[in-house]
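Visitor: One structure, as C-alpha cells, below. Some questions next.
The values are calculated or read from the model by the stated rules, or taken from the named source; none is laboratory data. The shown structure was predicted, so the numbers you read here are calculated from the model rather than taken from an experiment. Counting neighbours? That spans all protein chains shown, and the Cβs are built from the backbone with ideal geometry, glycine included.
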Amino acid sequence: MSIDRRDFLKVATAGAGLAATGQSVAAAETSPRRAPYVRSGQIPDVVVIGAGNFGAWTALNLQRGGMQVTLVDQYGPGNSKSASGGETRGVRSSYGGRETGLQWAEWAIRSMQMWKDWDEEHSDSLLPRLYYETGDIIMRDEMTPSMEGSVENWEKLGHPYEILTPDEVRYRWPMIQTPGMEAVVYEPSAGVVRARRAIESVARVFQHEGGTLRIAKAAHGDFDGRTLQNVHLSDGERLEAGLFVYATGAWFHLFLPELLGRRYAARAVGHVYYFATPPGDESYRWPNCPSYGVPGCTGWPALPHDSRGFRIRTGGARSNDPDQSVRWVPEDRHARPREILADFFPALADNIINETRACHYSSTVSRNFMIDHHPDFDNVWLAGGGQAEAFKQGPVLGEYIAGRVFGTETNQELNDSFRLLEDEFPDEGDEDFDPDA
C-alpha cells in the first residue's frame, strides 16, 4: 500500500473533519472546508505518540504506506511500565462471551499467522523469535456461554478446535490436574508471544525502514481552530506534523484528561508470576505444555532459551497513575497463585517465584478498542483501549489503524464499532473489569 503524500493528507484531514457530520470522504471533494494541513521537507507527515502495541504497529504500517513518520515515547518501546512491555502475552481467539467476539476472533486468528510470518521474514536479520504455538485449553466446571460462543465463532470462521474430556486432558498432559472441571475446549493454534521483544523488534524494523524514534514525554500542543499544529516535548521542542496519532495506552486519561478522564479507565493492574520449573523436567516448558485458562487465572509454559518460568496471571491491585504504580507484586499477594497451582499444576505449587510483573489494563465504556478521530481536531486520531486483549491482535490492528488514516478502510459498520462514546465510567473507574472472568 502506497499513497502520494498530498493525496494522503487531503483524504486524512478531510475524512477526519467530516466524521462528525456523517459526510463521506468522497463528499469532501465538494466541501468548502479549508485546505488540508500539508507539511513537507524535514517536518514529518505523521507523529505517533506512544510506542506500545497500538503505536508501534501503526507507525510501522504508516511508514510502509509512504509516510514520513516520527514515533515518540517517554520511556521507549517495550519499557516495563507499558502494558506491552511484559515478558510474554498469550494469543488466542476464544472471545465467545463478548459482543465483539466474532470480530476479535477473526483478527486474533489472522494475527497468529502474521506473528509466524514476522518470525520467518526477520529470521535472517537475527531478530529474536517471537511466536510460540502452544495450543490453549480452557477448563470450567460446566460449559459456559463464553465457551459455547467461542465454539460458534470457530465454526463460522472454519477455525480448528476440540472439545475434550478431563480424562483426555490428563492423558495428553499428565502434569495437569482437573479438579471439578467437566468442560474443556482446546484451540490448537493458539500461542504465546514474547511481548517486550516484539515491540522492540517492531520499533527496530520501523527505524530500519526509515522511521524516526524519539524518546521524550509529549503533551498536547498548540492549535489553530480544528488543526493541531504540534505536540510539546519534554526537551522543549514543539514537534510539528501534518497528522497526529495518539496511542498513549494507560496514560490516555492523563494525556487528555478533559476528553477522556471519565471515558477511559486504566485503574486495574494485573499481577503476573513466573514460577521456577523443576530442573531436568521438560513437562512445564514449550512445546510440552499448553497455555491454559482456569477460573480466575490464565497462564502458559516456560519458553526456551531464557526460561523466565511457568507463567500464571491472577487479579491484581488498582492504581490510577501508571507512572507511580508498583510494578512488582508484594509477597502478601503470592498465596493465590500458589493455591491455583496446587489445584491444577501441583508439582509447581511450592517452587520459588523467579520474578513478578504488573501492568495496567486499559478499558473503554464500549468494551471495544477506541479507534476514532479526536472530536475537536481534524488531524488527530485516537487509538487505544486494549481491554487486556489488544496485544494478541497487534499486527492486524496496526494495518487497520493505518488503513483508517489512509482512508482505505471502508467498512462503516466496523469503523463505527470503534467510536469514542460519550458515555462515562463511574467516579471510581471501571471497577468491574476482570480479564480472567
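Visitor: Suppose the filter is crowded, with 18+ Cβ neighbours inside 10 Å, among the β-branched types (V, I, T), outside the structural domain of P346 (by TED's automatic domain parsing) and within 23 Å of the chain's Cα centre (by Cα); does V231 pass it?
Guide: It is false that V231 is crowded, with 18+ Cβ neighbours inside 10 Å, among the β-branched types (V, I, T), outside the structural domain of P346 (by TED's automatic domain parsing) and within 23 Å of the chain's Cα centre (by Cα).
Residues checked against (1) more than 23 Å from S93 (Cα to Cα); (2) part of a strand (DSSP E or B):
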site: H271; (1), (2): no, yes
site: P279; (1), (2): yes, no
site: N288; (1), (2): no, no
site: P304; (1), (2): yes, no
site: R313; (1), (2): no, yes
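Visitor: Something else now. Looking at M139 and the list (1) among the hydrophobic types (A, V, I, L, M, F, W, C); (2) more than 29 Å from S319 (Cβ to Cβ); (3) at pLDDT below 95, which single condition is not satisfied?
Guide: (3)
Visitor: Could I ask something else about it? Restricting attention to region 337-369, which residues are of a type in the set (A, V, I, L, M) and either touching a helix residue (DSSP H, G or I) at 6+ places or on another chain (Cβ under 8 Å) or more than 20 Å from A83 (Cβ to Cβ) (or both)?
Guide: Restricting attention to region 337-369, the residues satisfying the condition of being of a type in the set (A, V, I, L, M) are 340-342, 347-349, 352-353, 358, 365.
Selection gives I340, L341, A342, A347, L348, A349, I352, I353.
Visitor: Here are the criteria: (1) closer than 19 Å to A108 by Cβ; (2) part of a loop (DSSP other than H, G, I, E, B). Tell me which single one I401 does not satisfy.
Guide: Status for I401: all satisfied but (2).
Visitor: Residue check: is R110 more than 16 Å from W251 (Cβ to Cβ), within 20 Å of the chain's Cα centre (by Cα) and either outside the structural domain of V184 (by TED's automatic domain parsing) or touching a residue at least 40 places away in the same chain (Cβ under 8 Å) (or both)?
Guide: In short, yes.
Visitor: In a loop (DSSP other than H, G, I, E, B), touching a Gly at 6+ places or on another chain (Cβ under 8 Å) and not hydroxyl-bearing (S, T, Y): which single residue out of G97, G149 fits that description?
Guide: Numbers: G149 fails: in a loop (DSSP other than H, G, I, E, B).
Only one candidate qualifies: G97.
Visitor: For region 354-388, enumerate the residues that are assigned to a loop (DSSP other than H, G, I, E, B), within 22 Å of V91 (Cβ to Cβ) and not hydrophobic (A, V, I, L, M, F, W, C). Reasoning before the result, please.
Guide: So in region 354-388, the residues assigned to a loop (DSSP other than H, G, I, E, B) come out as 361-362, 365-369, 374-379, 385-388.
In the following step, the residues that additionally are within 22 Å of V91 (Cβ to Cβ) were identified as 361-362, 367-369, 385-388.
Answer for region 354-388, where residues must be assigned to a loop (DSSP other than H, G, I, E, B), within 22 Å of V91 (Cβ to Cβ) and not hydrophobic (A, V, I, L, M, F, W, C): Y361, S362, R367, N368, G385, G386, Q387.
Visitor: Being modelled with pLDDT of 95 or more, under 21 Å from the mean Cα position of the chain (by Cα) and surrounded by 14 or more Cβ atoms within 10 Å (Cβ to Cβ), is that true of even one residue in region 179-189?
Guide: Our first condition is that a residue be modelled with pLDDT of 95 or more; within region 179-189, this holds for 179-189.
Among the residues that remain, those that are also under 21 Å from the mean Cα position of the chain (by Cα) are: 187, 189.
Next, from what is left, pick out any that are surrounded by 14 or more Cβ atoms within 10 Å (Cβ to Cβ): 187, 189.
Yes: region 179-189 contains one or more residues that are modelled with pLDDT of 95 or more, under 21 Å from the mean Cα position of the chain (by Cα) and surrounded by 14 or more Cβ atoms within 10 Å (Cβ to Cβ).
Visitor: A follow-up question, please. If L421 satisfies all but one of (1) touching a Ser or Thr at 6+ places or on another chain (Cβ under 6 Å); (2) not in a loop (DSSP other than H, G, I, E, B), what's the number of the condition it fails?
Guide: (2)
Visitor: Just one of (1) aliphatic (A, V, I, L, M); (2) more than 26 Å from I137 (Cβ to Cβ); (3) buried (at least 24 other Cβ atoms within 10 Å of the Cβ) trips up V365, so point out which.
Guide: Unmet condition: (3).
Visitor: I need the full set of residues from region 152-183 which are part of a loop (DSSP other than H, G, I, E, B) and acidic (D, E), in order please. First the steps, then the outcome.
Guide: The first filter runs over region 152-183 and keeps only residues part of a loop (DSSP other than H, G, I, E, B), leaving 158-161, 165, 173-182.
Hit for region 152-183 is E182, nothing else.
Visitor: Now for a separate question. Looking at this structure, is S31 more than 19 Å from the chain's Cα centre (by Cα), at pLDDT below 95 and either small (G, A, S) or surrounded by fewer than 23 Cβ atoms within 10 Å (Cβ to Cβ) (or both)?
Guide: Details: more than 19 Å from the chain's Cα centre (by Cα): yes; at pLDDT below 95: yes; either small (G, A, S) or surrounded by fewer than 23 Cβ atoms within 10 Å (Cβ to Cβ) (or both): yes.
Considered against the rule, which asks whether it is more than 19 Å from the chain's Cα centre (by Cα), at pLDDT below 95 and either small (G, A, S) or surrounded by fewer than 23 Cβ atoms within 10 Å (Cβ to Cβ) (or both), S31 comes out as yes.
Visitor: Can we say F391 is among the aromatic types (F, W, Y) and either at pLDDT 95 or above or assigned to a strand (DSSP E or B) (or both)? Break it down stepwise before answering.
Guide: On the way: among the aromatic types (F, W, Y): yes; either at pLDDT 95 or above or assigned to a strand (DSSP E or B) (or both): yes.
Considered against the rule, which asks whether it is among the aromatic types (F, W, Y) and either at pLDDT 95 or above or assigned to a strand (DSSP E or B) (or both), F391 comes out as yes.
Each row is one residue, and each column tells you yes or no for (1) closer than 29 Å to R336 by Cβ; (2) surrounded by fewer than 17 Cβ atoms within 10 Å (Cβ to Cβ); (3) in contact with a His (Cβ under 8 Å, 6 or more places away or on another chain).
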position: D235; (1), (2), (3): no, yes, no
position: G242; (1), (2), (3): no, no, no
position: A247; (1), (2), (3): no, no, no
position: L256; (1), (2), (3): no, no, yes
position: L259; (1), (2), (3): no, no, yes
position: Y264; (1), (2), (3): yes, no, yes
position: P278; (1), (2), (3): yes, yes, no
position: P301; (1), (2), (3): yes, no, no
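Visitor: While we're looking at this one, here's another question. S123 - would you say it is under 22 Å from the mean Cα position of the chain (by Cα) and either assigned by TED's automatic domain parsing to the domain that holds S201 or farther than 16 Å from C289 by Cβ (or both)?
Guide: Working: under 22 Å from the mean Cα position of the chain (by Cα): no; either assigned by TED's automatic domain parsing to the domain that holds S201 or farther than 16 Å from C289 by Cβ (or both): yes.
It is false that S123 is under 22 Å from the mean Cα position of the chain (by Cα) and either assigned by TED's automatic domain parsing to the domain that holds S201 or farther than 16 Å from C289 by Cβ (or both).
Visitor: Here's a follow-up. With respect to the numbered conditions (1) within 25 Å of F418 (Cβ to Cβ); (2) surrounded by 17 or more Cβ atoms within 10 Å (Cβ to Cβ), which one is the sole condition not fulfilled by L127?
Guide: Every condition holds for L127 apart from (1).
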